[in-house]
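Colleague: Have a look at the structure that comes next, please.
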Amino acid sequence: MYRYLLIALLASLPISSIAAPIALDRIAAIVDEDVVLQSELEQRLADIRYQYSARQQSLPHEDILKKQLLEQLILERIQLSQAERAGVRIDDNSLNAAINDIASQNAMTLADFRNKLEAENSGSYKQIREQIRREMVISRLRNKRVGDRIRISEQDIDNFLASPQSQLALQTEYRLAHLTINVPDSASPQDWESAKQKAEQAFTQLQAGKAFFNVVTEFSNSEDALQGGDMGWRKSAQLPDLFREAAEPLQRGQYSAILKSAAGYHIITVIDKRGAQQMLIKQRHVRHILIKPSEILTLEDAKQKADDLRQRLDKGADFAELAKTYSDDAGSARNGGDLTWVGTGEMVPSFEDMMQKTPVNDISPVFESPFGWHILQVLGEREQDMSEQYKRNLARQALYARQFEDEKLSWTRELRAEAFVQIKDNSASNTP
């Protein structure tokens, strides 16, 4: 969640507003053993003013606005203090991934994003990194603490599935991409004819086998053309009627005929779709032997041990007996290495890749994963109908999201009530 909040924030603020220093250093509030500076409050106020100005919206009275912003800063301080005591940390890899996402959402490379910030102020990139880190820390703490307060029973799920509200949650979801040839509001018949010809040229290239993404970037004039027209995941009810009706009969990878709307001409493709009515999952029945490096067994020695076991299997040794005796995966070793039925996305990529490449009843070569060296055997393959489980998972997610907001509000109120807060700025009240 924090990434999307930050993306929206950064997209709406001028870089100079984020980076510009405010020459104030008075204390606005004491929060437990920390403080909120007046400069921070003024900076937050300047950012909000710019956002409202850009949207041409009127602001609340300044006293009310300062009170609200100061409360935000106080709650941030309280949560950061809680996170520090709980040992919540954000490593640099996670932070870099978040910043990459933000740059991408702003249609910039990471280098472009950094250069734009540093062109305004030499310290701004470092400030943004720390701002993002704080948001990530608070988000991780909040998700853990609020999540621990939520209890969803199987009866809760049964009740939800029997309710009218479940129908929206269980709708088929589509991930579509669209190619759009827009025409202006005052388009002439010639404009419409030109747009139609362009759409027909694009359709001809699709029929010739050219990738939809490449055709979109060449022909489409929509705002998301450079992203291949990807619309992201949307429930069927959230799609324009024209797109939904065209998408329903399409399979993954198929594209529609040319569609006409009041805005122009369109072609859509189904990148993926998912729904609760029938969810068939390809699964493989797998067992494995894991040899893990340790303080007394080097990576090379672990591989040699795995190679020796693989040779014994070639000579007819029983897989289950070797797994029971030698495998370092204690959970499966007692069952002869049996992992039962495994679906796509359940294992680390290196394991899943080897699992998919190994024919049924064959034994894989020795291969490495983040856990060590493996040998696996595929015992069977099937398509399992997971529709009922999928429905229950969707119901659980909907109930969790519904409860999360209520519990988050209760949690933050408790934090605020239990903290020592002394407001020094007379323009903001000390009322929680």
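Colleague: Please list, ordered by residue number, the strands (runs of 3 or more DSSP E) wholly in the stretch 196-292 having 2 or more residues that are within 30 Å of Ala323 (Cβ to Cβ).
Modeller: 280-291
Colleague: If you don't mind, another one. Output yes when any residue across the stretch 199-215 is within 27 Å of the chain's Cα centre (by Cα) and closer than 30 Å to Glu381 by Cα, and no when none is.
Modeller: Within the stretch 199-215, none of the residues are within 27 Å of the chain's Cα centre (by Cα) and closer than 30 Å to Glu381 by Cα.
Colleague: Filter the stretch 166-200 for residues that are of a type in the set (S, T, N, Q) and either surrounded by 13 or more Cβ atoms within 10 Å (Cβ to Cβ) or touching a residue at least 40 places away in the same chain (Cβ under 8 Å) (or both); which is nearest to Ala225 (Cα to Cα)?
Modeller: Filtering first and then ranking leaves Thr180.
Colleague: Could you list, in sequence order, all residues of the stretch 359-391 that are basic (Lys, Arg) and outside any strand (DSSP E or B)?
Modeller: Hit for the stretch 359-391 is Lys391, nothing else.
Colleague: Using the structure shown, decide if Thr325 is among the hydroxyl-bearing types (Ser, Thr, Tyr), in a helix (DSSP H, G or I), farther than 27 Å from Ser294 by Cα and modelled with pLDDT of 85 or more.
Modeller: When the stated conditions are applied, Thr325 does not pass them.
Colleague: Please tell me if Ala398 is in a helix (DSSP H, G or I), out of contact with any His (no Cβ under 8 Å at 6 or more places or on another chain) and touching a residue at least 24 places away in the same chain (Cβ under 8 Å).
Modeller: Considered against the rule, which asks whether it is in a helix (DSSP H, G or I), out of contact with any His (no Cβ under 8 Å at 6 or more places or on another chain) and touching a residue at least 24 places away in the same chain (Cβ under 8 Å), Ala398 comes out as yes.
Colleague: Quick one: in the stretch 228-263, of everything that is closer than 12 Å to Tyr174 by Cβ and of a type in the set (Phe, Trp, Tyr), which residue is modelled with the highest pLDDT?
Modeller: So the residue we want is Phe243.
Colleague: With the requirement that a residue be farther than 20 Å from Lys408 by Cβ, basic (Lys, Arg) and surrounded by fewer than 16 Cβ atoms within 10 Å (Cβ to Cβ), what does the stretch 66-97 give you?
Modeller: Answer for the stretch 66-97, where residues must be farther than 20 Å from Lys408 by Cβ, basic (Lys, Arg) and surrounded by fewer than 16 Cβ atoms within 10 Å (Cβ to Cβ): just Arg89.
Colleague: Any residue that is in contact (Cβ under 8 Å) with a residue 60 or more places away in the chain and over 17 Å from Gly275 (Cβ atoms) - is there at least one of those in the stretch 217-231?
Modeller: yes
Colleague: Can you tell me which of Gln38, Gln43 is touching a strand residue (DSSP E or B) at 6+ places or on another chain (Cβ under 7 Å) and either within 21 Å of Ala98 (Cβ to Cβ) or modelled with pLDDT of 80 or more (or both)?
Modeller: Gln38
Colleague: Right, next: Yes or no: the stretch 98-110 includes at least one residue that is exposed (fewer than 13 other Cβ atoms within 10 Å of the Cβ) and either small (Gly, Ala, Ser) or not in a helix (DSSP H, G or I) (or both).
Modeller: Yes, the stretch 98-110 contains a residue that is exposed (fewer than 13 other Cβ atoms within 10 Å of the Cβ) and either small (Gly, Ala, Ser) or not in a helix (DSSP H, G or I) (or both).
Colleague: Does the stretch 259-267 include one or more residues that are more than 30 Å from Ser186 (Cα to Cα) and either touching a strand residue (DSSP E or B) at 6+ places or on another chain (Cβ under 8 Å) or in the same structural domain as Ala237 (by TED's automatic domain parsing) (or both)?
Modeller: no
Colleague: Taking the conditions exactly as written (outside any strand (DSSP E or B) and among the polar types (S, T, N, Q)), does Thr180 satisfy them or not?
Modeller: no
Colleague: Please identify the pairs in which a residue from the stretch 288-309 that is free of Cβ contacts under 8 Å to residues at least 24 places away in the same chain and farther than 10 Å from Glu368 by Cβ has its Cβ atom under 9 Å from the Cβ atom of a residue that is part of a helix (DSSP H, G or I) and among the aliphatic types (A, V, I, L, M), counting only partners at least 6 apart or on another chain.
Modeller: Close Cβ pairs satisfying both conditions: Ser294/Ala302.
Colleague: While we're looking at this one, here's another question. Quickly run through the stretch 293-316 and pick out the residues that are in contact with a helix residue (DSSP H, G or I) (Cβ under 8 Å, 6 or more places away or on another chain) and either within 19 Å of Leu376 (Cβ to Cβ) or in a strand (DSSP E or B) (or both).
Modeller: Selection gives Pro293, Lys305, Leu309, Arg312, Leu313.
Colleague: Could you tell me whether any residue of the stretch 127-149 is in a loop (DSSP other than H, G, I, E, B), modelled with pLDDT of 80 or more and surrounded by fewer than 18 Cβ atoms within 10 Å (Cβ to Cβ)?
Modeller: No, the stretch 127-149 contains no residue that is in a loop (DSSP other than H, G, I, E, B), modelled with pLDDT of 80 or more and surrounded by fewer than 18 Cβ atoms within 10 Å (Cβ to Cβ).
Colleague: Name the one entry in Asp406, Asp425 that is at pLDDT below 90, within 26 Å of Ile30 (Cα to Cα) and charged (D, E, K, R).
Modeller: Only one candidate passes the filter, namely Asp425.
Colleague: Specify which of the listed residues (Leu259, Leu280, Leu297, Leu290) is farther than 22 Å from Asp338 by Cβ and in contact with a His (Cβ under 7 Å, 6 or more places away or on another chain).
Modeller: Leu259
The values are calculated or read from the model by the stated rules, or taken from the named source; none is laboratory data. Being a predicted model, the structure only gives us computed values, none of them experimental. Heads up, the Cβs are rebuilt from the backbone with ideal geometry, glycines too, and the neighbour counts pull from every protein chain shown.
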